[in-house]
Amino acid sequence: MRLTLIQVGLGTVGGAVVEQVIAHREQWRHSLGIDLVIGAIAGQAGALVSESEAGLDDELVRVAVSARRDGGQAWSELARRQGMALRPPLEAIARCAMAGPVVVSDAASGEHTALLDAAALAHGAAVVLSNKAPLALPLADPNSAALWAEARSGGRLRYEATCGAGLPVISTLRSLLDTGDRPIQIQGALSGTFGAIFSSVAAGSHFGDAVRAAKERGYTEPDPRDDLSGLDVARKALILARTLGRGADLSDIGVESLVPEHLVNVSVEEFLARVGDADAAIGERADVAKRAGQALKYVATIAPEGTLEVGMRAIGTDTVLGALQGPENIVSIRTERYDTYPCVISGPGAGAAVTAAGILADVLALARSGLLAHG
Ligand SMILES: NC(=O)c1ccc[n+]([C@@H]2O[C@H](COP(=O)([O-])OP(=O)(O)OC[C@H]3O[C@@H](n4cnc5c(N)ncnc54)[C@H](OP(=O)(O)O)[C@@H]3O)[C@@H](O)[C@H]2O)c1
């Protein structure tokens, strides 16, 4: 079958998605019978849409990726040089759908693409996300309702890459649920940033130094408060909770922020200079944990009922979660069948290549599912 990909967001992850498509397209054509063409690429300024069913020229896609990486060439300039017009991404869906089945890959940042994702589903297209924000909108939001209606098993929306990047967290959970297992609790360290910081703290670093070192090594967002606020982990926890069937919203999750109250509104530079204000409080908790054979971790706890929370916990170092080192992620799923020994998934939970692979595994699974009309 021929499947047309619309890539929304051409940053770290989106760029790797289209590069992997170009690199592996032949393999998929021969081994899976799937011909994945890139019908459109979109950024905030608009979409470059192919005029032909064969999709955008690979060279143009490569130029667009490296232009975004270099931060130099604007989309409008690229379009002008190619003699193309930048179109609204919504228009890309309608145009590409004329050539057959379409999948939208949402690797944008922020909730603004929720409307586009919902419109794609309404058009009969499939949607795959690494972008958590559209899936974390309140359930009362019509776009959120439309997305979650298709996020069930057998639906046209997949979101493996939102929790643990390429790690098979959502698909494992779905398999457990589909085979009638009953989850008891999911516990996970779902942030590479917190993993790196707390590994350093356990090794004796001050919290502030650990935050600054994590930023220098590229483990944090440009503003580390975006990680330390806990919002990103809370969104992942919400997505896992909704996957369990809970009708929860972000406001139902207890979130412990590690951003000191008086540093919430200062500049990034001032925050980095003064983040050590939290050294004493966090250092004391780390020492108490160490004396008890435990280590501090930033943990998400999700269950089918009861409290949903993300925050700092002291975890025994004799457990897989407590022994975790560095920026790796770990998710431990305890169910009726995996009770004494939970089902554990661990590995890198971020990075362009693994996240793009998580997206493309979803795309290929949808293509093989029979849920999309054959072109
Ligand atoms: N990086 C990772 O390891 C990782 C892992 C798992 C999940 N994720 C998630 O995957 C998403 C992408 O991450 P990233 O690291 O690739 O981010 P990034 O490098 O900042 O790229 C974000 C891209 O989204 C585009 N974008 C933002 N708003 C848009 C809109 N309204 N419409 C169309 N495009 C829009 C930007 O367009 P412009 O080019 O016009 O600015 C940019 O190309 C994020 O939601 C992130 O949380 C990332």
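Observations on the structure shown:
- Failed condition for D362, given (1) surrounded by 15 or more Cβ atoms within 10 Å (Cβ to Cβ); (2) more than 13 Å from the ligand (Cβ to nearest atom); (3) in contact (Cβ under 8 Å) with a residue 40 or more places away in the chain: (2)
- Scope segment 3-33; condition surrounded by fewer than 18 Cβ atoms within 10 Å (Cβ to Cβ) and away from the ligand (no atom under 16 Å from the Cβ); matching residues: I22, A23, H24, R25, E26, Q27, R29, H30, S31, L32, G33
- On inspection, A234 fails the criterion of being free of Cβ contacts under 8 Å to residues at least 24 places away in the same chain and either surrounded by 16 or more Cβ atoms within 10 Å (Cβ to Cβ) or farther than 25 Å from P342 by Cβ (or both).
- When restricted to residues that are away from the ligand (no atom under 16 Å from the Cβ) and open to solvent by less than 20 Å² (accessible area, probe 1.4 Å), segment 57-83 contains 0.
- Hits in segment 84-101 (condition: away from the ligand (no atom under 13 Å from the Cβ), crowded, with 18+ Cβ neighbours inside 10 Å and farther than 21 Å from D35 by Cβ): none
- Applying the condition of being without any contact (Cβ under 8 Å) to a residue 40 or more places away in the chain and more than 12 Å from the ligand (Cβ to nearest atom) to segment 102-124 and asking which residue is most open to solvent (accessible area, probe 1.4 Å) yields H123.
- One residue from S251, S199 being open to solvent by 30 Å² or more (accessible area, probe 1.4 Å) and of a type in the set (S, T, N, Q): S251
- Matching residues, segment 329-349, being open to solvent by 20 Å² or more (accessible area, probe 1.4 Å), at pLDDT 95 or above and in a strand (DSSP E or B): S332, R334, C343, V344, S346
- Cβ-Cβ contacts under 9 Å between residues 6 or more apart (or on different chains), taken from a first residue in segment 26-37 that is more than 9 Å from M1 (Cα to Cα) and touching a residue at least 12 places away in the same chain (Cβ under 8 Å) to a second residue that is outside any helix (DSSP H, G or I) and open to solvent by 80 Å² or more (accessible area, probe 1.4 Å), are listed as V37/E53.
- Looking across segment 202-231, just one residue is aromatic (F, W, Y) and surrounded by fewer than 24 Cβ atoms within 10 Å (Cβ to Cβ), and that is Y219.
The values are calculated or read from the model by the stated rules, or taken from the named source; none is laboratory data. Given the structure is predicted, the values throughout are model-derived calculations rather than measurements. For neighbour counting, all protein chains shown are included, and Cβ atoms are generated from backbone atoms with ideal geometry for every residue, glycine included. The protein model used for the area step is the full one, side chains on, heavy atoms only, and it has no ligands, DNA or RNA in it. Shrake-Rupley method; radii C 1.70, N 1.55, O 1.52, S 1.80 Å.
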